[in-house]
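Working notes, structure below.
The values are calculated or read from the model by the stated rules, or taken from the named source; none is laboratory data. Just so it is clear, the model here is predicted, and its values are computed rather than measured. So basically every Cβ, Gly included, is an ideal-geometry build from the backbone, and we count neighbours across all protein chains shown. The accessibility values were calculated without ligands, DNA or RNA, using every heavy atom of the protein model including side chains. Shrake-Rupley method; radii C 1.70, N 1.55, O 1.52, S 1.80 Å.
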Amino acid sequence: MNTDLWVVLADSERGHWEYLPRQSIGPLRFGMERQEAITAMGEHGLTAAQEDLGLWCDGKRAQWRVEFRRTTSHYLDRAVAKCYFVEGVGLSCVLVDGLCGPQVTHEGIRLVGRVPSELDQEMEAYALETARESGSTARETSTATAL
C-alpha cells in the first residue's frame, strides 16, 4: 500500500465526469435516491459503503453518507467520491476525491486534481466571458456556476 498522501492519480487513470450546476455530476443526478446512485455507480465499477448519519437538522428526516470505491485493487485505497443524501430530498452533495477521484470538467475546465490557483484563474476568466455573453455581471455568473 502506498503511504504517500499526495500521490495524484494521472488523468489517464481516472474516470471522466461532466458537472452541470444544480443538475448532475457524472452518472449522479442531484435529487436521485440513494439506491439509484448505488446502482449508477456500480455500473461504473464502484462499490458502496453506506453510513447512517442520524436525523437531519429538522429532526424528522434521515441522512446518509455513501462512499464509493473502486472494485479493483488500487494503490490509492481511498473513496473516489462521497455522496450525501437526505430522506425526501435525495442526493444533495457530492465530494470528489482530488487525488484519486474522477476528473470532473465543467465547460471544458478541469476541476479536480490540479493547482487551486490555476483553477481559480480559469474559473474567473470563464465567469467574465460568460457574463459578457449573457449581459449579467461576473459576480452573478460566478455565483451561479458555483451552485
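You will find that of ALA79, ALA49, the residue that is within 18 Å of VAL7 (Cβ to Cβ), of a type in the set (Gly, Ala, Ser) and open to solvent by less than 80 Å² (accessible area, probe 1.4 Å) is ALA79 and no other. Confirm whether VAL86 is open to solvent by less than 70 Å² (accessible area, probe 1.4 Å) and more than 12 Å from GLY15 (Cα to Cα). Taking the combined requirement at face value, the residue satisfies it. Out of all the residues in region 94-111, is one or more over 30 Å from THR130 (Cβ atoms) and open to solvent by 50 Å² or more (accessible area, probe 1.4 Å)? No: region 94-111 contains no residue that is over 30 Å from THR130 (Cβ atoms) and open to solvent by 50 Å² or more (accessible area, probe 1.4 Å). For region 112-126, the set of residues classified as open to solvent by 70 Å² or more (accessible area, probe 1.4 Å) and in a loop (DSSP other than H, G, I, E, B) consists of VAL115 only. Of all the criteria given as (1) within 30 Å of GLN50 (Cβ to Cβ); (2) at pLDDT 80 or above; (3) out of contact with any His (no Cβ under 7 Å at 6 or more places or on another chain), the one not satisfied by PRO102 is (3). Please work out which residue is nearest to the chain's Cα centre (by Cα), limiting yourself to region 26-60 and to residues that are part of a loop (DSSP other than H, G, I, E, B) and over 16 Å from CYS93 (Cα atoms). In this case the residue turns out to be HIS44.
Per the conditions (1) surrounded by fewer than 14 Cβ atoms within 10 Å (Cβ to Cβ); (2) of a type in the set (D, E, K, R); (3) at pLDDT 95 or above, the sole criterion not satisfied by ASP58 is (3).
Here VAL66 fulfils each of the conditions (1) in contact with a Cys (Cβ under 7 Å, 6 or more places away or on another chain); (2) farther than 14 Å from SER92 by Cβ apart from (2). Would you confirm whether any residue within region 29-43 is open to solvent by less than 70 Å² (accessible area, probe 1.4 Å), under 30 Å from ALA127 (Cβ atoms) and in contact with a helix residue (DSSP H, G or I) (Cβ under 8 Å, 6 or more places away or on another chain)? Yes, some residue in region 29-43 is open to solvent by less than 70 Å² (accessible area, probe 1.4 Å), under 30 Å from ALA127 (Cβ atoms) and in contact with a helix residue (DSSP H, G or I) (Cβ under 8 Å, 6 or more places away or on another chain). Selection of region 4-19 for residues being open to solvent by 70 Å² or more (accessible area, probe 1.4 Å) and not in a loop (DSSP other than H, G, I, E, B) yields SER12, GLU13, HIS16, GLU18. Of the residues making up region 77-93, those that are hydrophobic (A, V, I, L, M, F, W, C), touching a residue at least 40 places away in the same chain (Cβ under 8 Å) and closer than 19 Å to ARG61 by Cβ are CYS83, PHE85, VAL89, LEU91.
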